[in-house]
Structure formats: structure tokens, C-alpha cells
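To start, the structure itself, in C-alpha cells.
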Amino acid sequence: MTGKNGLWIDIEFCTGCMACEAACRQELDLGPTEYGIKVFEQLLNDGQTFNYVPIPTDRCNLCATRVHEEGKRPACVHHCMAQVMEYGPLESLIEHMKRRPRSVIWSPVSRSSQRPYHDLEQFEFLEE
Amino acid sequence: MNARDASPVKIVRSTTWSAGPGCHGGCGVELHVRDGKLVKIEGIADHPYNRGTLCPRALALREYVNAPDRLQHPMIRTGARGTDTWRKASWDEALDLIEHRLKAVKDQHGAESTLFVQGTGRDVGGWLVMLAYNYGSPNWMQSLPGNSCYHPRLLAMKIAMGDYVVPDSSQFTNQRYDDPEWRVPECYVVWGQNSVATCNDGLHGHWIVHALKRGSKLVVIDPNYNWLASRATIWLPIRPGTDGALALGMLNVIINEGLYDKAFVDKWTVGFDELRERVQQYPLDKVAKITWLPAEKIAAAARLYAKGQPSALQWGVPVDFAPEGLTVALAINALWSITGNVEKPGGMVVARPAFGVTSYPMSQGAISKMYGEVMPKEQLAKRIGIDIYPIARDLHWRAQPDAVIDQIFSGTPYPVKAAFIAGTNFVVGAQDPRRWRKAFESLEFNVVVDLFMTPTVMALADVVLPSSSFAERDGVRAWWSPLTAQNTAVRVGECRSDAEICFELARRLNPGFRYRTLDDMYRFFLEPSGISLEEIREKGWIFPPKDSAATPYARHERGLLRADGKPGFDTASGKIELDATRMKDWGYDSLPAYTEPSFSPVSTPELAREYPLILNTGSRSIAFFHSEMRNIPSLRAMNPEPLVQIHPETARRFGIENNDWVWIENQQGRIKMRARYALVHPRIVLTQHSWFYPERIREDKDFGAYEANGNELIPGGLHSKTGFGGAQVKSLLCRIRKVEENA
């Protein structure tokens, strides 16, 4: 199923509250600085552009267990305070996008299902 | 770890309030417990308040509750205050000691010599009142100069209209936005609040976003181009502290252009002619000069607001912090009153406790109903500050904080000897924090109740009691509607809830204490509702019926607001008093007026040459609640360092680049924060709220309390002359410079 489903996010009304980050961290049992989705800020000094855009990371598995075994929506979609996220088949998400064009659709694929995580801790000099 | 490989998960449904997310709460949550440990929190999808959603602080609950640095047992100090010298004590020993010491203060000096101190309106205020009154002290207080957090606004509303109103976001019905009576506000004014980072006083910040999605046009009054400002139809980057002038300018436009609701004004208000006359003193060119806003933008905002059918207005704490906060609130109260937006779907609606249940007593009436006439009149008359502040005497059943600090130092008319401090970290959070610390250091005995070690515990406590999060306690709450319940999911160490702690002490200190158990007391709270404790615990939330005093709309027309059952508002005249009689009785100006900040380019031009920037302290981060949560790793990671927001052009002028460490200095001292470019007004810098470094509590002599704390830059004595408002934390002066490598 993964790959055919995705996340639709309405950029016009995402407030950058980071609830998606926290919900995901709890759901995937990630550490305090690990992310399954991360919010980016786009603030330009053009008097026009101020957006927050959540982007799933390589860890996102679209809450496979939660969705398929518990019958719930993904944790980020469920907890999003601005209620700007939808989960479903990509074809149906396109319909949301047609209705609300200032939006994005992500089709995350959990990297661990394709290739292994690499151990970066060997590079100790990376930490100051 | 998956749910499958361990013992079964028990799900407890509850309602957020205070410790945990920290806020005033109201969100329905499922707490997942395995082997007695909290493993997960999840929003209840069909809960009318949050509809499944939660903020990052609530979602970090598991980390907060299970934090390794939680205080888990009572401790008694063995060394000097300010040193990390404690021994573990049993609850019996700690409570025996507190009982003994407080009784001794009472015997030697009188119960009034003990203070009961809280911070914001978390689930401790009601319990401190219970304890204070059963012990015999009238000196229950909020640890904030000028009571400048919502209380000035609450009292202004009480004085002018007899009730509190909030923007109608359909929150008082179970159907929410599907309620057929509810309307989308055509215009929504957000006055001095980054609402998407907060949930204040019964309004969930994101309800404004839901209104925006449904077509509301926003007017955002904020010096910072924040996200809400970016979505606004009109953005007013106001000079901080001049909110009173802006409100009067908007009133001027609305009245002189005839945009007010004549029928409503005639039928339901008094004092309109006096208000009309007063606003003539605030023509737009004058207001524009004061506020640094273009006159035409002020006029456009006033017109958009007045023409909205309906219009809503959400206001933030800068209103209170304005030099005469209560008076500014009166002016804004006049805005929604003369435009007829009161008790109207999508306008401003009265907030009343569901079913008339009082779970958080704020008045003498409520206190005596709950605990009996426990305090004789002559004892009540000893409440600190009521001789100076008649509003405190007549409408606010607490000691006035600024008067308390003065009395601690003066010792007259009677000495202050002890303090029971719960749910506040004022060594960090009070303005002029060192003076507050010094005051409490002079007391003979301090108890501090908290969940974590704080600078306040370290500096002041002789005994520290470990408190609990909302996940670790029971409770009922009607603040305001629906009625909700908190249900215990887990216990942590020996921690006890504030209710349990205060209840046990109240019982020890008053042998005639009315209740045997906390449940007995909750049952008494619930009596007016006819709902049993078991039922509310089971259901989680219950709305009162449509025709109740706690449910909108048009309650003034239906006789639901007054004790005599007559139509009208709960004021002497039965109408909204635009010219407030009570203010006159107390000897104050009864009409709104503007007061310039104490430190500004206008009032102190010489100082402004030395400190050319306006300093606006207290910006909120969604990761934190006041001074809390810098010790919770995932929340700290969202905002690892204290930030000062500066316009890039201003930064360049002062030789500063994005992410530089910066000194922010003024006549009070200096603090150090990380520069962050923002599209804030170029003459204004914004510093984040109530920062301290928990990781330095045991290392620094000042417990990490001051280096990044904006309150260090705020002089004392800036509270309003009414005793309600002021502190002026948003409108000071400063300069900035880059921190050099070895500085």
C-alpha cells in the first residue's frame, strides 16, 4: 500500500505549530531531536511570502501500524491543530489540491523499507 | 516498541489543565498507560474543544511526566537558602513541619502574616484560596506586578458589563461549527497576541485559524509580522504600549462616521454621549502619531470591524501591560459594545461556568459558599493593598502584589513572615525579579510546591513539596462550559496533586474544615448541576442545555444574566456602562483615556537617545508555557536558545548578523540572547518570554535565572494606578550590541 497513499497539506493555513513533529515523535518513539516530519519556514522580505511547510522525512511510514491495525488516521493528521492535513490515496488527494491550490502532496516512502540507515555516529568530529 | 509485545494498555480519558502542557487547558485526551506508566497521549477525536488535535507540549506529556528530573518526594532544606542542600522527608514529616511553622506564625503575628502565592490561573488557585481561608489569612495573591495577566481585562469587563465575554468560536455547543445558530465572524480582530502559539483563557488559539478558513477577514495588531499578520487583511504594527490610543482612535472613526449599532447603543448601553465627547480628543492624526500607524490604516481597520456582521475580537496580555491596562480594556470593551457585537452568534459572548458550578472560587461569595464564613470581617479587612486600591477591595478577593512587596520591606502595618508558594516561578517570572527574590528571602519560612527544581525553589524554599501533572490527578472543572473532568491515569513517585496537598493542610489548619475527602468536595461543587461525580468522570464533558445561563445567545434579552431574572446586563443600570459609574465611585476617570508608556521616545527622550530601540519582552514560543519546559529535551529542541527578534536592517545598523549572540541593554541591566531576523518594526526588538537555563540551576550562583531573562530589564513600580495593569513589559527602551568572543 505504501507509495499509493500520501499526505495533503494546505500551506495557506499551516501555522507552523509543530504538532505534527511532536505527534510523529511519540508515534514512532523517536528521540528528542529525531523527526518523522519536519516543519520548514519560508519567510521572505517581499511583504508577501510567509509559509510553513511540513515535509515528511525518510523515517515516515505513513503510520502503517496505526492506520492499518488501529484504524486511525496518521498521528500528524490526527493532531494537526490547524486541521490542514489529509491522508489517503494520491488520486483523492489531488481532488483536495484542485479545491485548494496553495497546498502540497507528499508521497513518503520509509527509507528503511528500501535501504538501511547508515551509522553516522562514527563521525565524532561532527559534534562540537 | 509496539503495543503488541507488552502488557495491555489501559486508556484513561481526561481533560488537560495546567502542569503537563502547562496551559489553562480544556483539551480532551486519552492517556495510555502500561504497567502503571504513561506511554502515550492522544487527542479525543470527537471532543468539542480540540477535536482530536493537540499542541507539541501536550504531545510531549509522556516525556514531561516521566522526566528523570521530576521532584518525587518532599525535601527539607539542610543548608542555607540558595544552596542545593536538602534531605528527603516523608509527607508526614514535611506536613507536620509546615503545620507547626504556620501555626507559630499565626500565634505570634496573626494568620495574615502568611502569604499564599500562585502564578497564572492553573489548577492551584482554587486550592490556595481554600488553604488560605481555612488557615485564616486573607492574603492570597498572584505573583505578578499589577495583576497584569487577564485580571485587568476581566475587571474592566466586570465593571462595564457585569460579565466576561470571549469571542464566539462556537465553543459553547457540542456541534461546534455545525451549530445552525453559529455564524462565522466577518471580521476577526487579533489584538496583541500570537494566538497560534497559545491557548488563553478559554480560547483555543487555532479556533481563529478555523474562522479564517471559513472566511473571516483578519485585523492583526502586532509589531511583529507573525504568521497571523501574514494572513491578515489589515496588519497594524503598533508601537508597543499605545493600544489605548489605537482603541480610542478606532472608536473615534466608528462614532463620527456613524458606524455603530444605534439600536443596540440606545437600548443596552449608557454613557454613549460622554464616550462620544471623549473620543473627540483622539482624532486620527493624533492617534497615528502616537501609535506609529498610518491614519488611513486605522480608519480602514475600524470600518472593517464596525461593518462586520458579526465581528469578533481576541485580545492578549499586552492590553493588560499597557500603562493603564484596565482603562485600555475599558476602551476595547466599548468597541464591541457600541458595534452591537455582544451576545451575538460569531461576536462576543458571555462566559459563565457550566450549570453554575464553581470549581475555581474568585469571589468572597463563592469562597464562603464552599468553605463557610471562615474568616471574620476584621480579618478580611487586613488584606494587603485594599486601602490603596479600591478595586481590589470591592471586586478582587486577593492581596495586591505590588502592595505586598512594599509591605514585606516596610513591615507596616504588620510584618509578613511566611509564604506558601505553588505553581509559580517568580524568581524568574516577576518583573524586577531580584526585588521579588529579595523580598521573599527576608521571610522566616517559605514552602514551594512544584514539579521540578526551579530558581524559585533553589532561592527560597525551606520545604519543597513535589506536585503532579494533570495526568496524575482527579478533578472537575467548569471554566467555563462544558463541565469537564480530570481522571487520574498514573502516579509518579510520591508526588501529590495541588488539590491533595492543600486539602490535607487545610484540614490540619482548620479543625472545623467542612469536607472529609476531596471527592466530597467535588460532589459539593457539582450540586447545582444535578450531575454526579461518577457521571462526569465517565462522560468526560457535559454541556448545559441551550436555555441555560452558560449557553449563548441574547441572554441579556432573556433575563439570564441578572440575579433578579430581569432582562439586561448585571450592572447597576442593567446596561453596558460606556461611562463606568463604578470607576467614578472609586475616584478614577470613568471614560477610556490614553496614557503614554513611562519609558519612551515621548516621555523620556534623553533616555531614548541612549537606548534608541523599543524593547518588547515576552514573545511566546509554542514549545514553552511561561518559564517551564526548557528542561524537556524535545520541547527545548524546538527552541533551544533564547531568541531576540530584530529587523535585518536594524541588526545591520548595530553590526549584528542573524544568529549572533547579542547583548540587550538598558538602564536596568543587560541580558544575552541569540539574534533572529524577523519582519518586526525596525525600531522594535522582541525578546522571548521568561527564559532561564534549567541546566545551570545547580552551577550558577543565580541558578541560571537572569542571563536571558527579559524581566531583568524591567523596573519595578510600573503598575497602573488602579492596581490593575501596567508593568509595561512590552514598552521599554533598550540598545543592542554583538557579544564579542571573550565578553
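The values are calculated or read from the model by the stated rules, or taken from the named source; none is laboratory data. The structure presented is a predicted model; accordingly, all values stated were derived computationally and were not measured. Here the Cβ is made from the backbone with ideal geometry for all residues, glycine too, and neighbour counts use every protein chain on show.
Summary table below
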{"read-out": "Residue list for the range B:643-655, filter: within 12 Å of chain A (Cβ to nearest Cβ), outside any loop (DSSP other than H, G, I, E, B) and not acidic (Asp, Glu)", "value": "B:Gln645, B:Pro648"}
{"read-out": "Residue list for the range A:21-44, filter: within 20 Å of A:Pro101 (Cα to Cα) and either within 9 Å of chain B (Cβ to nearest Cβ) or over 12 Å from the mean Cα position of the chain (by Cα) (or both)", "value": "A:Glu41, A:Gln42, A:Leu43"}
{"read-out": "Number of the exception - B:Ala499 against (1) within 24 Å of the chain's Cα centre (by Cα); (2) at pLDDT 95 or above; (3) part of a loop (DSSP other than H, G, I, E, B); (4) hydrophobic (A, V, I, L, M, F, W, C)", "value": "(3)"}
{"read-out": "Residue ID - farthest from the other protein chains (Cβ to nearest Cβ), chosen from residues in the range B:158-181 that are within 25 Å of B:Glu577 (Cα to Cα) and part of a helix (DSSP H, G or I)", "value": "B:Ile159"}
{"read-out": "Answer from B:Ile614, B:Ile671 - the residue that is buried (at least 21 other Cβ atoms within 10 Å of the Cβ) and either at pLDDT below 95 or within 30 Å of B:Leu451 (Cα to Cα) (or both)", "value": "B:Ile671"}
{"read-out": "Scope the range B:713-723; condition touching a strand residue (DSSP E or B) at 6+ places or on another chain (Cβ under 6 Å) and more than 15 Å from B:Ser619 (Cα to Cα); matching residues", "value": "B:Leu718, B:His719, B:Ser720"}
{"read-out": "Residue in the range A:93-106 that is assigned to a helix (DSSP H, G or I) and either modelled with pLDDT under 70 or small (Gly, Ala, Ser) (or both) present", "value": "no"}
{"read-out": "Residue within the range B:43-59 that is basic (Lys, Arg), surrounded by 20 or more Cβ atoms within 10 Å (Cβ to Cβ) and within 27 Å of B:Arg630 (Cβ to Cβ) present", "value": "yes"}
{"read-out": "Count - residues of the range B:212-226 that are within 11 Å of chain A (Cβ to nearest Cβ) and crowded, with 24+ Cβ neighbours inside 10 Å", "value": "1"}
{"read-out": "Within the range B:46-57, tally of residues that are in contact with a helix residue (DSSP H, G or I) (Cβ under 8 Å, 6 or more places away or on another chain) and more than 7 Å from chain A (Cβ to nearest Cβ)", "value": "3"}
{"read-out": "Tally of residues being touching a residue at least 24 places away in the same chain (Cβ under 8 Å) and out of contact with any strand residue (DSSP E or B) (no Cβ under 6 Å at 6 or more places or on another chain) across the range B:684-708", "value": "14"}
{"read-out": "Matching strands (runs of 3 or more DSSP E) fully within the range B:60-142 where at least 2 residues are without any contact (Cβ under 8 Å) to a residue 60 or more places away in the chain and not assigned by TED's automatic domain parsing to the domain that holds B:Ala637", "value": "B:86-88"}
{"read-out": "Residue satisfying all of: in the range A:47-60; polar (S, T, N, Q) and within 13 Å of chain B (Cβ to nearest Cβ); farthest from A:Gly6 (Cα to Cα) among these", "value": "A:Gln48"}
{"read-out": "Residues (within 23 Å of the chain's Cα centre (by Cα), at pLDDT 95 or above and hydroxyl-bearing (Ser, Thr, Tyr)) located in the range B:195-223", "value": "B:Ser195"}
{"read-out": "Helices (runs of 4 or more DSSP H) (entirely within the range B:544-642) containing at least 3 residues that are of a type outside the set (A, V, I, L, M, F, W, C) and more than 30 Å from B:Ile388 (Cα to Cα)", "value": "B:605-610, B:633-638"}
{"read-out": "From B:Gly710, B:Gly655, B:Gly716, B:Gly618, residue being over 26 Å from the mean Cα position of the chain (by Cα) and small (Gly, Ala, Ser)", "value": "B:Gly655"}
{"read-out": "A:Ala75 being in contact with a Pro (Cβ under 8 Å, 6 or more places away or on another chain), among the aliphatic types (A, V, I, L, M) and at the interface with chain B (Cβ under 10 Å from one of its Cβ atoms)", "value": "no"}
{"read-out": "Output for the range A:1-20, where each listed residue is within 11 Å of another protein chain (Cβ to nearest Cβ) and either without any contact (Cβ under 8 Å) to a residue 40 or more places away in the chain or aromatic (Phe, Trp, Tyr) (or both)", "value": "A:Phe13, A:Gly16, A:Met18"}
{"read-out": "Flag for B:Val209 being among the hydrophobic types (A, V, I, L, M, F, W, C), away from every other protein chain (no Cβ under 13 Å) and touching a helix residue (DSSP H, G or I) at 6+ places or on another chain (Cβ under 8 Å)", "value": "no"}
{"read-out": "Test: residue in the range B:632-639 that is crowded, with 24+ Cβ neighbours inside 10 Å, more than 13 Å from chain A (Cβ to nearest Cβ), within 24 Å of B:Phe703 (Cα to Cα) and modelled with pLDDT of 95 or more", "value": "no"}
{"read-out": "Residue in the range A:62-83 that is surrounded by 15 or more Cβ atoms within 10 Å (Cβ to Cβ) and part of a strand (DSSP E or B) present", "value": "no"}
{"read-out": "Considering residues of the range B:617-627 that are buried (at least 24 other Cβ atoms within 10 Å of the Cβ) and more than 12 Å from chain A (Cβ to nearest Cβ) only, the residue farthest from B:Trp663 (Cα to Cα)", "value": "B:Phe625"}
{"read-out": "Output for the range B:358-384, where each listed residue is in a loop (DSSP other than H, G, I, E, B) and under 21 Å from the mean Cα position of the chain (by Cα)", "value": "B:Thr358, B:Ser359, B:Tyr360, B:Pro361, B:Met362, B:Ser363"}
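Yes/no matrix, rows are residues, columns are (1) modelled with pLDDT of 95 or more; (2) assigned by TED's automatic domain parsing to the domain that holds B:Ile501; (3) among the aliphatic types (A, V, I, L, M):
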{"residue": "B:Ile367", "(1), (2), (3)": "no, yes, yes"}
{"residue": "B:Glu373", "(1), (2), (3)": "no, yes, no"}
{"residue": "B:Leu380", "(1), (2), (3)": "no, yes, yes"}
{"residue": "B:Pro390", "(1), (2), (3)": "yes, yes, no"}
{"residue": "B:Gly411", "(1), (2), (3)": "yes, yes, no"}
{"residue": "B:Thr424", "(1), (2), (3)": "yes, yes, no"}
{"residue": "B:Val428", "(1), (2), (3)": "yes, yes, yes"}
